[in-house]
Amino acid sequence: MTRYLLRALAGKRSSPGIGKNFDHSVVVVSHELTPDEVLRLGRRGAVGFAIEVGGANSHTAIVSRALDVPLVTGIVDITNRVADDDPVIVDGEDGRLTLHPTTETLDRYRNLQRRRRQSEEALSSAARDLPARTVDGAEVELLANVELPEELDDVRRFGASGIGLYRSEFLVLDKSPELPSEEEHVIVVRQLLEALAPQPVVVRTLDLGGGKVARGLVPQDEENPVLGQRGIRLTLARADVFRTQLRALFRAASFGNLRILAPMVTAVEEIRALRRLCNDVCAELEAEGAHYRRDVQLGAMVEVPAAVLIARQLAEEVDFLSIGTNDLIQYTLAVDRTNEQVAALYQPLHPAVLSMIQLVVEAGRRQQVPVALCGEIAASPECVPLLLGLGLRQLSMSPRGIPRVKEVVRSVDICDAEELARRCVAAATADEVSDLLGASGATGAHHRVPVRVG
Ligand code: PEP
Ligand code: MG
């Protein structure tokens, strides 16, 4: 019933995009919310979300961040404790929900909100035109993760040097239950490419499945969706849908610097199948006399341990690798990233995760294939010296995270960072790594990535 009401509230029973905007400030309180529900409710003007279940690194949290709407999760029994029209404050930064705030508390939060905005503005305007270069001269590319085209302003405002991850599946979630047409794919990707050319725009092919359900496309009856038809597996199984996207990508490619990235890769065969499909699609476009561009770099996301362990073989097949730590942590530690019950076990600084990153960077170096990192930890200032010490030079994150990360990059010395990384990888526990990061001067180090920044 709750689900049905939410779906109705989210405008799902009407045509996509239809559904009246809220005429007052609405915080949506629910047991859970899927990423597409957050997208629709956010588009209608919701100013906050409070949910009982779901992890801080879930796509539900990621899309609320993209919309710049605060979300708090893991709030026990909130649906029974709050009634319609109750005043609430959602503090996404500290993961706190205040019910029935007093006038003093409201004033305090209004001031806090103003101060946070001011310091974000000050930091971003001070940092925007400065190079992301370490004190000893290593250049670092700071790129943006984007879910929605409306984030383009933020990409520019916060000084990203391109888009390191466009999660194209949000176009499908936005239009669900209809599928986007080839033309609709072209319009969005062309918009990103033209806005940023000659900077790179990495478009990840549809990463549906797992928590991202598009009716009619993603199987609804899987017992373990995150181990089921996800990412590249799903698109290869639905070549009809995939071809539409790939045709659009090669057509849009002529408008800028496009790179195509495959999600959830676990085997070299998947990359080979993708290449065959790309060749087919390009031959088709050629025969049609379409305006398109063939020489587009292809990359693989490394987000499961199998991909880490065959990183060398993958690097022989692709032009670049991108480490998706959100899933890599989930699959390495066997901890559901959307389950707040095991949130304490979701440890980005677990030494096993660090070793995984190190293995991929080494494989990329040996094959001379660039390796980026696009999981949430890229936006964690405490982790940046460690990531640079592990050898990463391309970090992609929510655009808002860039100024703080740039500030840290500009204070790092690579020799020190490498020594720090050696000690972190050799540590026994995530807490030991956290202590090492704290001692290295990256104050406030913790291994829980905040629910949202800003
Ligand atoms: C990741 O897994 O780290 C990633 C960037 O992809 P997503 O968060 O969309 O699964
Ligand atoms: Mg992922």
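The values are calculated or read from the model by the stated rules, or taken from the named source; none is laboratory data. All of these numbers come straight from a predicted model, not from anything done at the bench. Here the Cβ is made from the backbone with ideal geometry for all residues, glycine too, and neighbour counts use every protein chain on show. All accessible areas refer to the heavy atoms of the entire protein, side chains included, with ligands and DNA or RNA removed. Shrake-Rupley method; radii C 1.70, N 1.55, O 1.52, S 1.80 Å.
Projected label points at residue 334 and residue 407, each 7 Å from Cα along the beta carbon direction, are separated by 4.1 nanometres.
The distance between label points at residue 312 and residue 293 comes to 3.4 nm (points 7 Å beyond Cα on the Cα→Cβ vector).
Note on the chain: helix-only mean residue ellipticity at 222 nm, from DSSP H runs of 4+ residues weighted -39500 (n - 2.57) and normalised by residue number, equals -13000 deg cm²/dmol. For region 223-323, the extents of the C-alpha atoms along the principal axes are 42, 30, 20 Å, listed from largest to smallest. Excluding residue 408 itself, what net charge comes from residues whose Cβ is under 13 Å from its Cβ, given Lys and Arg +1 and Asp and Glu -1? Combined, the nearby Lys, Arg, Asp and Glu give 0.
For region 310-422, the relative contact order is 27 percent, taking Cα pairs closer than 8 Å that sit 6 or more residues apart in sequence and dividing their mean separation by the residue count. In this calculation the C-beta distance from residue 419 to residue 76 is compared with R0 = 41 Å, giving a FRET efficiency of 0.45. Residues in the chain average 42 Å² of solvent-accessible surface per residue, probe 1.4 Å, ligands and nucleic acids excluded.
Summing Cβ point charges (Lys, Arg +1; Asp, Glu -1) relative to the Cα centre of the chain gives a dipole of roughly 580 debye. Take residue 291: with every protein chain present and a 1.4 Å probe, its accessible area is about 130 Å².
Leaving ligands, DNA and RNA out of it, report the carbon-plus-sulfur percent of the accessible area of the chain at a 1.4 Å probe.
Whole-percent figure for carbon plus sulfur exposure: 49.
Lys and Arg at +1, Asp and Glu at -1: add these up for the other residues within a Cβ distance under 14 Å of residue 247 and post the number. The partial results should precede the final answer.
Working: positive: 190, 243, 251, 293, 294; negative: 182, 183, 184, 240, 280, 284, 286, 288.
Its environment carries a net charge of -3.
Charge tally around residue 74: other residues with Cβ under 9 Å, Lys/Arg +1 each, Asp/Glu -1 each, net -2. Placing pseudo-labels 7 Å out from each Cα toward the beta carbon at residue 123 and residue 178 gives an inter-label distance of 4.1 nm. For the chain, what is the Kirkwood hydrodynamic radius in Å, using each pair of distinct C-alpha atoms? Hydrodynamic radius (Kirkwood, Cα only) of the chain equals 22.5 Å.
Net charge dipole, region 280-326: roughly 240 debye, given to the nearest 20, about the Cα centre with Cβ charges of +1 for Lys and Arg and -1 for Asp and Glu.
Would you please classify the overall shape of region 298-454 from the alpha carbon gyration tensor, given that a ≥ b ≥ c denote the square roots of the eigenvalues, rounded means a/c under 1.5, and beyond that prolate means a/b larger than b/c while oblate covers the rest? Working shown, then result.
Working: a/c = 1.42, a/b = 1.19, b/c = 1.19.
Rounded.
Count the lysine pairs in the chain that are 8 or more places apart or on different chains: how many have C-alpha atoms under 20 angstrom apart?
On the way: 12/20; 12/175; 12/212; 20/175; 175/212.
Lysine pairs satisfying the spacing and distance rule in the chain number 5.
Shape class of region 94-207 from the alpha-carbon gyration tensor: oblate, with a/c at 1.5 or above and b/c at least as large as a/b.
Is the shape of region 26-174 rounded, prolate or oblate, going by the alpha carbon gyration tensor and its root eigenvalues a ≥ b ≥ c, with a/c under 1.5 for rounded and a/b larger than b/c for prolate? Oblate shape, in that a/c is at least 1.5 and b/c is the bigger or equal ratio.
Would you work out the relative contact order for region 87-155, in percent, from Cα pairs under 8 angstrom that are 6 or more residues apart?
On the way: 27 pairs, mean separation 9.4, N = 69.
Dividing the mean separation by the residue count of region 87-155 yields 14 percent.
The stretch between residue 25 and residue 191 holds 56.7 nm of extra length on full extension. This uses 0.36 nm per residue minus the Cα-Cα distance.
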